[in-house]
Amino acid sequence: MMTEGTSKFTPVYSAWFGKPVVLLVVIRQCQVPMPCRIVGESVADVRVRIQPGWEMDVRKELILAVEEDEALANACVN
């Protein structure tokens, strides 16, 4: 087990936790937008919630971009 470098882990996606976002992800050389909420982060993965009860890990090297999902953000405002 390599522990070298893990103490320098800085969460890059923590500002997006719980917010509706769209991740631009590479799947088989295609760029796919994935609406979700970021719920966690590790050194190599980002944990996302696609819908209530359905979460998955996305490898960080597959994420090209993150932006706020304006449609969902505006729909949740009271």
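How large is ³J(HN,Hα), in whole Hz, for each residue of the range 15-28 in order, when computed from phi with the Karplus curve 6.51 cos²θ - 1.76 cosθ + 1.60 and θ = phi - 60°, using x for Gly and Pro?
5, 9, 4, x, 8, x, 9, 10, 8, 9, 10, 8, 10, 6
Could you give each residue of the range 57-64 its phi-based ³J(HN,Hα) in whole Hz, using Karplus coefficients 6.51, -1.76, 1.60 with θ = phi - 60°, and x for Gly or Pro?
9, 10, 4, 4, 5, 8, 8, 8
Since every read-out is calculated from the coordinates, none of them should be taken as a lab result. This is a predicted model, so every value here is computed, not measured.
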